[in-house]
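Below: one structure, written as structure tokens.
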Amino acid sequence: MILLDTHVLVWLSEGNRKLGQESIRLIDEALKSDQLFVSAISFWEVAMLVEKGRIELLHGVDLWRRSLIDNGLQEMSLSGDIAIQSALLKDLHGDPADRMIVATALNSAMTLCTADQKILGWQNKLQRVDAKS
């Protein structure tokens, strides 16, 4: 099971070349076997980025989200357990969305696909793959 970090989701939907070939292969395999996930908070992050003018989506966040889900991406809801676990992550940077995404991956035993160097270098049992590889 693969959980996409927010920036990886955006890169994937844009066809961004920052996404490495090995990551693309893993994502494609996960999608084909209904094992590709994203945290609901990633859609909040994207909506905030659009609102701030930092990224543009052709048809708006709601239609973009619906299209991704209709094409096989599965959305992981946030829960109280995930929220609590995110607050208890030792030595991880303070970004709340990143903490929720990491807690989601840990809670569901997923591999997190990310290019976030702070997450990639974090010393913990999190299974992760560098999205640029």
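Below, the figures for the structure above:
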{"item": "Residue list for the stretch 50-99, restricted to those being without any contact (Cβ under 8 Å) to a residue 24 or more places away in the chain, β-branched (Val, Ile, Thr) and more than 22 Å from residue 35 (Cβ to Cβ)", "result": "50, 61, 84"}
{"item": "Failed item, numbered, when residue 131 is tested on (1) at pLDDT below 95; (2) touching a Gly at 6+ places or on another chain (Cβ under 7 Å)", "result": "(1)"}
{"item": "The stretch 110-130 - residue that is out of contact with any strand residue (DSSP E or B) (no Cβ under 8 Å at 6 or more places or on another chain) and part of a helix (DSSP H, G or I) and, of those, surrounded by the most Cβ atoms within 10 Å (Cβ to Cβ)", "result": "118"}
{"item": "Wholly within the stretch 1-98, helices (runs of 4 or more DSSP H) carrying at least 1 residues that are within 21 Å of residue 128 (Cα to Cα) and small (Gly, Ala, Ser)", "result": "6-14, 21-32, 40-51, 80-87"}
{"item": "Matching option when the condition is over 11 Å from the mean Cα position of the chain (by Cα), among the aliphatic types (A, V, I, L, M) and either closer than 18 Å to residue 98 by Cβ or surrounded by 15 or more Cβ atoms within 10 Å (Cβ to Cβ) (or both), among 38, 50, 10", "result": "50"}
{"item": "Odd one out for residue 17 among (1) modelled with pLDDT under 95; (2) within 25 Å of residue 118 (Cβ to Cβ); (3) surrounded by 13 or more Cβ atoms within 10 Å (Cβ to Cβ)", "result": "(3)"}
{"item": "Within the stretch 58-91, tally of residues that are surrounded by 16 or more Cβ atoms within 10 Å (Cβ to Cβ) and among the charged types (D, E, K, R)", "result": "1"}
{"item": "Qualifying residue in the stretch 102-109 (condition: surrounded by 17 or more Cβ atoms within 10 Å (Cβ to Cβ), in contact with a Cys (Cβ under 9 Å, 6 or more places away or on another chain), closer than 26 Å to residue 133 by Cα and not small (Gly, Ala, Ser))", "result": "no"}
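Here is a yes/no grid of residues against (1) within 22 Å of residue 126 (Cβ to Cβ); (2) not β-branched (Val, Ile, Thr):
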residue: 39; (1), (2): yes, yes
residue: 45; (1), (2): yes, yes
residue: 48; (1), (2): no, yes
residue: 56; (1), (2): no, yes
residue: 65; (1), (2): no, yes
residue: 70; (1), (2): no, yes
residue: 82; (1), (2): yes, no
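The values are calculated or read from the model by the stated rules, or taken from the named source; none is laboratory data. Computed from a prediction, not measured in an experiment: that's the story for all the values here. Positions of Cβ are backbone-derived with ideal geometry, glycine not excepted, and every protein chain shown enters the neighbour counts.
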